[in-house]
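Step one of this worksheet: look at the structure below.
The values are calculated or read from the model by the stated rules, or taken from the named source; none is laboratory data. Since we're looking at a predicted model, the values are computed, not measured. So basically every Cβ, Gly included, is an ideal-geometry build from the backbone, and we count neighbours across all protein chains shown. In case anyone asks, the SASA skips ligands and DNA or RNA and just uses the protein heavy atoms, side chains included. Shrake-Rupley method; radii C 1.70, N 1.55, O 1.52, S 1.80 Å.
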Amino acid sequence: MGHGHGHGHAGRDDRRRLGLALGVTVVVLVVGAVGAVVTGSLALLADLGHVGTDVVALGTALAASALAARPPSRRRTFGLGRAEVLGAAVNAVLLLGVTVWVAVEAVERLATPTEVPGGGLLLYGLVGLVGNVVALAVLQRGSGGMNVRGAALHVLGDALGSVAVLVAAVVTLSTGWAHADTSASLVIVAILLPRTVALLRETGHVLLEGAPAGIDVDDVHAVLLDVEGVAEVHDLHVWAINDRSPAVSAHLVISDEGCATADCGPHGVLDRATTLLREHFGLEHSTLQIEATEHAGHEQACDPPVLRKR
């Protein structure tokens with residue numbers, strides 16, 4: 001019928017902005033790597049690990065945007081939207097590894113602090129901050145889609161890490177405190193760890209076909225059951241192909257009983273149900289099977305119990 005099967009794809013402008021941000025971030029990565037080697041700064045190395053994961057994140061977002069533009073095929077009927085989720089999961093695992101390594105190294109350096117030149121730390125930290133701000137400005141001028149917003153969030157975290165490096169440099173130059181660099185690296189760990197865990201949970205939830213955030217399945221059931229002409233709702237599933245493509249499927253048992261003000265035939269029920277799903281929950285991709293009352297209950301016994309309208 002063509003109800004609720006619209007698919008949004010990242011535009012060429014978003015891909016161009018992601019490409020520019022990726023280029024800037026690669027430059028920051030190279031400069032930061034040189035700075036980490038020259039200064040021996042753990043804080044700069046910690047921030048460098050974050051920049052590296054940002055390169056992966058931006059590259060994944062750019063690739064996902066390009067893949068999402070491809071139409072579905074007979075072998076991949078949903079297209080390649082899941083590539084973005086898989087890339088984000090890999091990125092989260094890498095980020096977690098970097099975070100754990102930096103935390104362990106920081107604890108060791110608390111016992112045996114390493115001398116870090118504050119001037120070099122200040123210079124490389126400033127370069128990193130400028131690059132992050134430029135990349136963030138480029139991304140924020142885009143369409144604001146989830147793919148771009150997710151990439152911008154990584155760059156924002158990077159900018160915060162660069163600020164921590166600059167603070168460490170200023171403290172080192174002004175006070176000579178030996179633990180300034182190590183303390184800054186622990187601050188970066190504190191910034192990275194919650195984001196990493198949240199990203200792992202989010203990607204795992206999508207890959208395990210969990211209901212999208214902000215959509216209560218009980219509320220979806222109630223809205224469908226309240227559609228005039230619908231007597232029962234069962235086999236209700238709500239999931240997401242990726243973080244911006246939620247979908248729903250359900251079986252609706254229709255009945256003419258008590259239906260006086262609306263068309264209770266299959267077409268009328270389908271129109272009202274898909275409209276409500278779109279308006280209430282933003283569910284553009286809906287697959288609804290209409291069943292007559294005498295046809296209900298034909299599924300296997302292991303299916304969830306049928307919920308009837310009271």
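Observations
- Each pair of Cα atoms in the stretch 149-284 enters the Kirkwood radius, and Stokes-Einstein at 4 °C and 1.567 mPa s then converts it into a translational diffusion coefficient of 69 µm²/s.
- Subtracting the Cα-Cα distance of Phe78 and Val37 from their residue separation scaled by 0.36 nm leaves 10.2 nm.
- A simple rule links phi to the HN-Hα coupling: the Karplus curve 6.51 cos²θ - 1.76 cosθ + 1.60 with θ = phi - 60°, which for the stretch 59-64 gives x, 5, 4, 5, 5, 5 Hz, with x for Gly and Pro.
- Scalar couplings 3J(HN,Hα) for the stretch 15-24, obtained by applying the Karplus form with A = 6.51, B = -1.76, C = 1.60 to θ = phi - 60°, are 5, 5, 5, 4, x, 5, 4, 5, x, 4 Hz; x denotes Gly and Pro.
- Computed lengthening from Arg16 to Leu110, 0.36 nm per intervening residue step minus Cα-Cα distance: 29.5 nm
- Net lengthening on full extension, Arg141/Asp226 (0.36 nm per residue, minus Cα-Cα): 26.4 nm
- Each of Arg74, Arg16 has its accessible area taken with a 1.4 Å probe; listed largest first, they run Arg74, Arg16.
- Within the stretch 205-257, the proportion of C-alpha pairs whose separation exceeds 19 Å stands at 33%.
- Most to least accessible of Arg15, Arg149 (protein chains only, probe 1.4 Å): Arg149, Arg15
- For Thr287, distant residues with modelled amide H under 5 Å away: Val248, Ser249, Ala250
- Given R0 = 51 Å, the distance between the Cβ atoms of Leu207 and Val130 translates into a calculated FRET efficiency of 0.90.
- Relative packing of 226-238, 55-67, which averages over residues the other C-beta atoms within 10 Å, highest first: 55-67, 226-238
- Cα shape, the stretch 26-106, gyration tensor, a/c 1.5 rule: oblate
- Relative contact order of the stretch 218-259, taken over Cα pairs closer than 8 Å and 6 or more residues apart, is 39 percent.
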